[in-house]
1. Helix 342-362: angle to the longest alpha-carbon principal axis of the chain, degrees 0 to 90, nearest 10?
2. For helix 166-177, report the angle its Cα long axis makes with the longest principal axis of the Cα atoms of the chain; keep it between 0 and 90° and round to the nearest 10°.
3. Please give every one of the aspartates and glutamates within straight-line cross-link reach of Lys127, meaning a C-alpha to C-alpha distance under 17 Å, and leave out same-chain neighbours fewer than 8 residues apart.
4. Between Rg and the Kirkwood Rh of region 10-150, both from Cα atoms, what is the Rg to Rh ratio?
5. Using the scaling law 2.2 N^0.38 Å as the reference, what is the normalised Cα Rg of region 268-420?
6. Mind checking the angle between helix 137-156 and the chain's longest principal axis? C-alpha axes, 0 to 90 degrees, to the nearest 10.
7. Using the Cβ atoms and a cut-off under 10 Å, what net charge is assigned to the surroundings of Met112, where Lys and Arg are +1 and Asp and Glu are -1?
8. Which of the aspartates and glutamates could a cross-linker bridge to Lys151, judged by Cα under 16 Å and excluding same-chain residues fewer than eight apart?
Amino acid sequence: MDLIVLGASHVTAPADIRDQVQMNAAEVEQFCARLRAERDEILELSVLSTCNRTEIYSLVKDPEAADPLIRRAVEELKGVSHMSNGKYTYVLDGREMVRHLFRVASGIESLMVGEPQILGQVRDAYKLADHSRFTGAILTRAFNAALHVGKRARTETEIGEGTVSVAYAAVEMALKVFDGLDKHTVVVVGAGETGRLVATHMADQGPARLLVLNRTLEKAVALAAELDGEARPFEELATVLEEADVVVTATAATEPLLQRDDLARLARKRRTRPLVLVDISNPRNIDPAVGKLENVFLYDLDALESIADQNRQRRAREIPKVEAIVEEELDAFFDWYDALHVVPVLRAFRDRFHEIGATEVAKQKGLSDEELESLQAYTRLLINKLLHSPTTRIKNVDATTAHGLRKLVAIQELFELEIDKYTDDDS
């Protein structure tokens, strides 16, 4: 029995290959249904599939037998051989598999170190596997431990502090001027990939209004509908600026959309009302001279990149601290995992009841030595009789099956057994 992960990620595969093997929720369910037919070899399975990685975590009887089954199932589902030919994939087993899962959940294996989305994606991967009836005691414990690692990493280190995304840096700049956006109007000019990212991040802040402009109005309408915002024709930019508190430009225009003279007239109308302008276009959409106007705060792409780069370096310095958490939790997981054998569970189970019996006998006062010995013998005999049937059942548990493992875990948890001291010689 072994834990293995088969994966392809941003480390081993280019974006187009990752796109071809990525699975949505419906495909993961199909994949699990296909491999449940191989339950004799694959005991448990969970799929983590995002734009940057597709990883299949499993508990298997024999890795050499299970590996080709998993690869073939991916090929049949997606119609490509990228996971089968080994060119873009990696396989980790045992301790390395769990270490990798913990590192992924903590954010230090992400393309953007410390990015927050991965923890939710790990949680969703487990929930989907559980819904597909392909989880068991081991992967449940592993994924719960991974989520715990991810939470510790974010609360005990600064791995997730400060944005490393230029798009989110635009939000941070706005929040440097305004305490929040709930009373302010945000305008995003451009509905392409970058504009979409910025608009999404801005929408997450709950602005009073979110206005989207684009040269192709249909794109603005579609994006605004997704984010509960309003679409405006591009030609209304000058009018919209009078309503705006935050303006982000992300277009492919080759000439500045906003000139100093235009903004100077607008600033006089606004009087002391601040205006935040964020230009993340290349070439620039906003005349740099605008930044010299009173109560106008202009941030360009260079400034945002500098902020993001500083935060990347800051997060990189936190990686050793996160790795220490990973190793600590890894040891704890394998202390538990290594105890999943019949003999240590059986010994801990029997000793637990005999310890209770001895404690209760010791509480009896006023007994002669002969009476005490008689009571001790009777107690041992009674406990042995009571434990005869469950002991026989535990001896017959097949720890090489998912059902058997669940039984052993249930016994440990139900009777609060401490297995560690029984595993050195018997595991």
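1. The angle comes out near 70 degrees.
2. 70
3. Excluding near neighbours in sequence, the set is Glu27, Glu29, Glu44, Glu55.
4. Rg divided by Rh gives 0.92.
5. Details: Rg = 34.2 Å, N = 153, 2.2 N^0.38 = 14.9 Å.
This ratio for region 268-420 stands at 2.30.
6. Here the helix axis deviates by roughly 50 degrees.
7. Computed value for this residue: +1.
8. Once the sequence-local aspartates and glutamates are set aside, what remains near Lys151 is Glu109, Glu115, Asp124, Glu161, Glu318, Glu323, Glu327, Glu328, Glu329.
The values are calculated or read from the model by the stated rules, or taken from the named source; none is laboratory data. Quick caveat, the model's predicted, so the values are computed rather than measured. With ideal geometry, Cβ positions are generated from the backbone for all residues, glycine too; neighbour counts draw on all protein chains shown. Accessible surface is based on the protein model in full, side chains and every heavy atom, while ligands, DNA and RNA are left aside. Shrake-Rupley method; radii C 1.70, N 1.55, O 1.52, S 1.80 Å.
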